[in-house]
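Participant: Can you keep this structure in mind? I'll have questions shortly.
The values are calculated or read from the model by the stated rules, or taken from the named source; none is laboratory data. Everything numeric here is computed off the predicted structure, so don't read it as measured data. Neighbour counts run over all protein chains shown; Cβ positions are idealised from the backbone, glycine included.
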C-alpha cells in the first residue's frame, strides 16, 4: 500500500479527473489482472459520482471489465511515465507477462477487490453501469465511482496542489507517439 | 478571423482534445448565440472523428444544440482565462448580454455556420449524433467532428508545440473555484 493515502469524498471525486489527465484502467476477473492506459476518460456526474471511459474491443481489459462489472481508474504521475506508456502500447492478449515487464506494481485497498497501481496520485473504484448500446456502438463505458482515494502530498482538502508538490507527482496528459505533457502552473481566474 | 489558422486532418483531430483541456462549447439557433465552458469533454473515436461533451439541462446551450443539431468545441488558452471562467459561471438564460459582458469575440470559418471564439488554440465543428437516452439520463452528448482548425503557432504537423509557443497559448485545465492549471512541460516516454 502506498504511503500518504486518504479517502476522497465522492461528490468531490470528479476533481481528480477534471483537469483531463490520462488514466490507467485496472481490472481483474477469475485470477487474471490487467492495466491499460486511456486518454479518453472523463467525469460525467457529481452525485452519484460517475465517469466515462472508452475501452476498445481489441483490449483484454474490456473482457475483464464486462465479466467482473468493476474496474479501477487511476491518475498516473510523472514518476511512472514509462510504465504508463508501456501498458498503453502492449496488450495482455499478446503479452501475458505485460505487467511484470512494464514494472507495474499492484495493490488493493482494504474492502475493495479491484487491483490498483502504485505510483499514481489518485485512485477511483468504479462499478460498471451496463449500457450495451454505448459499449457496442461507441466502446463507451459508464462507471459509478464507489470509492476514491488520493495521495495527500498532491491532493487534499478537495483540491490539487501540484504547484507545491514534487514534480514527479504531476499528472500526465498524453498526445501521441510517446509524447505526454505534465500538468503545469496554477492559474486563478478570480481575485 | 484570428491569424495563424490552418485546418487539421479529421483523423488527427482527437489530438486537439487528447490532453484533456477544458473546452468552450459554442452554439447558435434562430439568431441566438451562446458560449459555455465545459471541463467534461473528451475524444471518442478516430474515424469518423467523434467526441463527447456533458451539457447540463440547466444550460441555454443545451436548447441551442438540440435545436440546431450542430455546435463548436474549442480549446481556450491562457490569454482568455477570465473569459473562459466567466462563460462557465453565467447563464445566457439569466444574462442575455453574457457574451459581451465576458468580452468574448465570435467569428465564423468560411463554409461553417457555427460561431467560434477568438483566443482559442483549436476549433472543432461538430454535428450532433442524436442519442436521446444518453442526453436525457446522463446529459451526455455525442458529436461527429466535421471540420477542425488550429493555431499553427501551437499545433502543427499533427502535434502540439506548447513547449516552444508563447505561454499565453497554453491550454487550460479547470478544477473548481476559479482554479485552472495550464498545460505544462513535455515528457517523452520513449527515446
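Participant: Only one of (1) surrounded by 14 or more Cβ atoms within 10 Å (Cβ to Cβ); (2) under 19 Å from residue B:55 (Cβ atoms) fails for residue B:122. Which number is that?
Facilitator: (2)
Participant: For segment A:157-191, name all the residues that are modelled with pLDDT of 95 or more, more than 21 Å from residue B:15 (Cα to Cα) and at the interface with chain B (Cβ under 7 Å from one of its Cβ atoms).
Facilitator: Scanning segment A:157-191 gives A:159, A:160, A:162, A:185, A:186, A:187, A:188, A:189.
Participant: Does residue B:51 satisfy the criteria of being touching a residue at least 24 places away in the same chain (Cβ under 8 Å), surrounded by 23 or more Cβ atoms within 10 Å (Cβ to Cβ), under 15 Å from residue B:141 (Cα atoms) and within 14 Å of chain A (Cβ to nearest Cβ)? Reasoning before the result, please.
Facilitator: Values: touching a residue at least 24 places away in the same chain (Cβ under 8 Å): yes; surrounded by 23 or more Cβ atoms within 10 Å (Cβ to Cβ): yes; under 15 Å from residue B:141 (Cα atoms): yes; within 14 Å of chain A (Cβ to nearest Cβ): yes.
Against the criterion (touching a residue at least 24 places away in the same chain (Cβ under 8 Å), surrounded by 23 or more Cβ atoms within 10 Å (Cβ to Cβ), under 15 Å from residue B:141 (Cα atoms) and within 14 Å of chain A (Cβ to nearest Cβ)), residue B:51 qualifies.
Participant: Would a scan of segment B:7-19 turn up a residue that is out of contact with any strand residue (DSSP E or B) (no Cβ under 9 Å at 6 or more places or on another chain), touching a residue at least 12 places away in the same chain (Cβ under 8 Å), closer than 17 Å to residue B:146 by Cα and within 12 Å of another protein chain (Cβ to nearest Cβ)?
Facilitator: yes
Participant: Return the residue satisfying two criteria in turn: it lies in segment B:120-129 and is out of contact with any helix residue (DSSP H, G or I) (no Cβ under 8 Å at 6 or more places or on another chain) and in contact (Cβ under 8 Å) with a residue 60 or more places away in the chain, and of such residues it is farthest from residue B:24 (Cα to Cα).
Facilitator: B:129
Participant: Can you name the number of the only condition in (1) surrounded by 17 or more Cβ atoms within 10 Å (Cβ to Cβ); (2) away from every other protein chain (no Cβ under 14 Å) that residue B:107 fails?
Facilitator: Unmet condition: (1).
Participant: Further, regarding this structure: Residues A:139, A:97, A:157: which one is surrounded by fewer than 20 Cβ atoms within 10 Å (Cβ to Cβ), over 16 Å from the mean Cα position of the chain (by Cα) and under 16 Å from residue A:18 (Cβ atoms)?
Facilitator: A:157
Participant: Which ones in segment A:72-98 are in contact with a strand residue (DSSP E or B) (Cβ under 6 Å, 6 or more places away or on another chain) and within 11 Å of residue A:36 (Cα to Cα)?
Facilitator: A:72, A:73, A:74, A:84, A:87, A:88, A:92
Participant: May I ask you to list the residues in segment B:133-156 that are more than 11 Å from chain A (Cβ to nearest Cβ), out of contact with any helix residue (DSSP H, G or I) (no Cβ under 8 Å at 6 or more places or on another chain) and not in a strand (DSSP E or B)?
Facilitator: B:136, B:152
Participant: Out of the residues in segment B:79-94 meeting the condition of being in contact (Cβ under 8 Å) with a residue 40 or more places away in the chain and under 14 Å from the mean Cα position of the chain (by Cα), tell me which one is farthest from residue B:173 (Cα to Cα).
Facilitator: Residue satisfying both the conditions and the ranking: B:87.
Participant: Here is a follow-up. Test residue A:134 against the stated conditions and say whether it is surrounded by 18 or more Cβ atoms within 10 Å (Cβ to Cβ) and without any contact (Cβ under 8 Å) to a residue 40 or more places away in the chain.
Facilitator: Yes.
Participant: Follow-up question, since we're still on this one. Give the residues of segment A:54-97 that are at pLDDT 95 or above, more than 14 Å from chain B (Cβ to nearest Cβ) and touching a helix residue (DSSP H, G or I) at 6+ places or on another chain (Cβ under 7 Å), sorted by residue number.
Facilitator: Of everything in segment A:54-97, just one residue is at pLDDT 95 or above, more than 14 Å from chain B (Cβ to nearest Cβ) and touching a helix residue (DSSP H, G or I) at 6+ places or on another chain (Cβ under 7 Å), namely A:71.
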